[in-house]
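Student: Before anything else, here's the structure in question.
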Amino acid sequence: MTSRFIKTAIVSGILMAFAPGIAVGEPVAKKGTTPYVTHFIFRPLVSIDVPGFKATALEATGTTQNMNGEKMLDKMAARCVAVNIDTGPKKYIDGACVLADSDGDHIFSTFDTRDVDKSMGDKGACGTHIITGGTGKYAGITGKEPFACEGMPALAGPGGITSLDIPHVTSWEIK
């Protein structure tokens, strides 16, 4: 019984010594510009396909990579739901995304491929995310993310699953 008590006391002491750093984590800057890439897999969920019109609901999942090696927007899990509209001359994708970090904090955004911000230059800009909010350390975040669409090799097998790398240049602020 005494041996068990001593082991419990030692483990508790170790946790108390290191847990504050784990719980608090690295602080997030209040404002910045961050280049990052999301490595997405797009999966069609359902479609309406009639002559001259196609609408497809998509789910996109992936992970983020900060291109400067910084913590902001790095190694986050991304999940988006979108609708892809193709009427022949008009093609666009609109949707909403949630990014989740390892602490369980979230960043929310919407996106529109008709709102193309040319600030990305020759990187093939194809749309803009609008950051609408967040939770935890990202509570109060807003911002704008022009993005490009870089095609990846086709995935094997049926189902219409595709992959894209989506580079972003994000200007954000937490108020």
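Student: Go through the stretch 124-135 residue by residue and turn each phi into a ³J(HN,Hα) via Karplus (6.51, -1.76, 1.60, θ = phi - 60°); whole Hz please, and just put x for glycine and proline.
Tutor: Calculated HN-Hα couplings, in order: x, 3, 9, x, 9, 8, 10, 6, 10, x, x, 10 Hz.
Student: Along each of the three principal axes of the Cα atoms of the stretch 62-131, give the extent in whole Å, ordering the values from largest to smallest.
Tutor: 43, 27, 17
Student: Rank by packing, highest mean first: peptides 73-81, 132-140, 150-158, with packing defined as the count of other Cβ atoms within 10 Å averaged across residues.
Tutor: 73-81, 132-140, 150-158
Student: Further, regarding this structure: In whole Hz, with x marking every Gly and Pro, tabulate ³J(HN,Hα) for the stretch 140-146 from phi via Karplus 6.51 cos²θ - 1.76 cosθ + 1.60, θ = phi - 60°.
Tutor: Couplings: x, 6, 9, x, 9, 9, x Hz.
Student: For the stretch 30-174, report the convex hull volume of the alpha-carbon atoms normalised per residue, in Å³, without decimals.
Tutor: Residue-normalised Cα hull volume stands at 117 Å³.
Student: Please name whichever of P153, T34, A100 sits farthest to the positive end of the charge dipole of the stretch 30-174, dipole taken about the Cα centre and charges placed at Cβ: Lys and Arg +1, Asp and Glu -1.
Tutor: The one lying farthest along the dipole's positive direction is T34.
Student: Quick one: length gained pulling N68 to R43 fully straight, 0.36 nm per residue minus the C-alpha distance?
Tutor: 6.1 nm
Student: Could you derive backbone 3J(HN,Hα) for the stretch 86-100 from the dihedral phi with the Karplus parameters 6.51, -1.76 and 1.60 (θ = phi - 60°), listing whole Hz in sequence and x where the residue is Gly or Pro?
Tutor: These are the phi-based 3J(HN,Hα) values: 9, 10, x, x, 10, 9, 7, 10, 10, x, 9, 9, 10, 9, 10 Hz.
Student: Give the aspartates and glutamates reachable from K118 as a straight Cα distance under 16 Å; neighbours fewer than 8 places away on the same chain don't count.
Tutor: Candidates past the 8-residue exclusion: E145, E150.
Student: What are the residues whose amide H is under 5 Å from the amide H of D117, where those residues sit 5 or more places off or on another chain and H is modelled from the backbone?
Tutor: Counting only residues 5 or more places away or on other chains, the set is G127, F147.
Each value in this text was obtained by applying a stated rule to the coordinates, not by laboratory testing. Predicted, not measured: the structure shown is a model, and the values here were computed from it. Note: ideal-geometry Cβ built from the backbone for every residue, glycine included; neighbour counts use all protein chains shown.
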